[in-house]
């Protein structure tokens with residue numbers, strides 16, 4: 001679930017970059033190509049070691065440390081990176097890889113979120129791309145690939161369990177609508193609210209953002225959370241309308257939050273720290289753009 005949620009985010013980020021900048025028109029600088037090649041080589045080596053079971057944990061830690069160190073060196077010594085051409089090239093490279101990885105993840109909430117995010121990007125930038133998305137969905141329904149069709153069902157145990165979890169969550173909210181059951185208490189109280197036909201006896205969370213927040217912390221907290229998401233999406237949309245070279249960043253933030261909310265209808269991704277931190281980072285970017293724009297005249301005058 002965590003991996004597919006992050007892949008969904010990367011897919012929307014890459015699609016937004018390509019949609020607003022187009023395909024790369026020239027080759028990136030050799031310096032940038034070397035950095036990309038080194039990262040790809042590191043990923044390939046890490047994959048091989050993990051597949052062989054040789055120093056898998058140690059190799060992953062070394063790779064993450066080397067990647068962080070490389071990023072720090074580039075940021076401190078070499079100035080802005082990647083350039084516009086290299087950034088678009090990377091997005092073009094990542095786009096099919098992320099789409100393939102998301103498809104084989106077999107994670108339905110991430111599929112839904114990615115579809116919503118891509119539709120939002122298409123509406124904002126290339127409305128004609130909606131026909132391509134519709135064609136892809138239609139091809140899947142016609143060809144009916146087994147890994148996908150096996151997941152497009154509501155009769156499996158996972159779907160049934162979600163239904164009963166949501167029923168239990170509604171009962172929790174009805175009993176304690178203001179303060180909720182308490183943070184982190186769903187696992188402890190779920191047996192008391194579990195419906196008899198639920199497949200699983202325990203549930204660490206309710207697989208739905210709104211239900212989880214309301215059941216844990218009450219309806220006032222749910223109202224505040226919805227306001228926060230609406231405010232972040234509204235500010236991202238307004239920043240996108242202002243235009244500029246980096247307006248695509250605000251568009252990506254808006255599209256990702258839409259995808260995040262859509263996926264959160266069937267998964268508690270707000271409580272998944274890796275996805276939540278990514279959401280906070282993207283939500284902050286439109287405000288960074290606004291601050292940069294507001295301070296630009298002052299810097300120019302100085």
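The values are calculated or read from the model by the stated rules, or taken from the named source; none is laboratory data. All values reported here derive from a predicted model rather than from experimental measurement. Glycine gets a Cβ as well: all are built from the backbone with ideal geometry, and neighbour counts include every protein chain shown.
Some observations on this one:
- Candidates 39, 57, 33 - the one that is surrounded by 11 or more Cβ atoms within 10 Å (Cβ to Cβ) and closer than 24 Å to residue 277 by Cβ: 39
- Sub-7 Å Cβ pairs linking a first residue in region 122-141 that is part of a loop (DSSP other than H, G, I, E, B) to a second residue that is modelled with pLDDT of 85 or more, at least 6 apart or interchain, are 125/19; 125/20; 125/251; 126/19, ordered by first then second residue.
- Residue within region 49-63 that is outside any helix (DSSP H, G or I), modelled with pLDDT under 85, on the phi < 0 side of the Ramachandran plot and more than 21 Å from the chain's Cα centre (by Cα) present: yes
- Restricted to region 155-180, and to residues there that are touching a helix residue (DSSP H, G or I) at 6+ places or on another chain (Cβ under 7 Å) and outside any helix (DSSP H, G or I), the residue that is surrounded by the fewest Cβ atoms within 10 Å (Cβ to Cβ) is 178.
- Whenever a residue of region 48-64 is closer than 19 Å to residue 38 by Cα, its partners that are outside any helix (DSSP H, G or I), lying with C-beta atoms within less than 8 angstrom and at least six residues away or across chains, give the pairs 49/55.
- Residue-level analysis places residue 265 outside the set of residues that are over 30 Å from residue 160 (Cβ atoms) and either surrounded by fewer than 19 Cβ atoms within 10 Å (Cβ to Cβ) or in the same structural domain as residue 180 (by TED's automatic domain parsing) (or both).
- Residues in region 187-209 that are surrounded by 19 or more Cβ atoms within 10 Å (Cβ to Cβ) and either in a helix (DSSP H, G or I) or under 23 Å from the mean Cα position of the chain (by Cα) (or both): 190, 193, 205, 206, 207, 208, 209.
- Checked against (1) surrounded by 12 or more Cβ atoms within 10 Å (Cβ to Cβ); (2) assigned to a loop (DSSP other than H, G, I, E, B); (3) over 22 Å from the mean Cα position of the chain (by Cα); (4) at pLDDT 90 or above, residue 183 passes all but a single condition, namely (1).
- Restricting region 100-154 to residues that are surrounded by fewer than 15 Cβ atoms within 10 Å (Cβ to Cβ) and within 17 Å of residue 267 (Cα to Cα), the residue that is modelled with the highest pLDDT: 106
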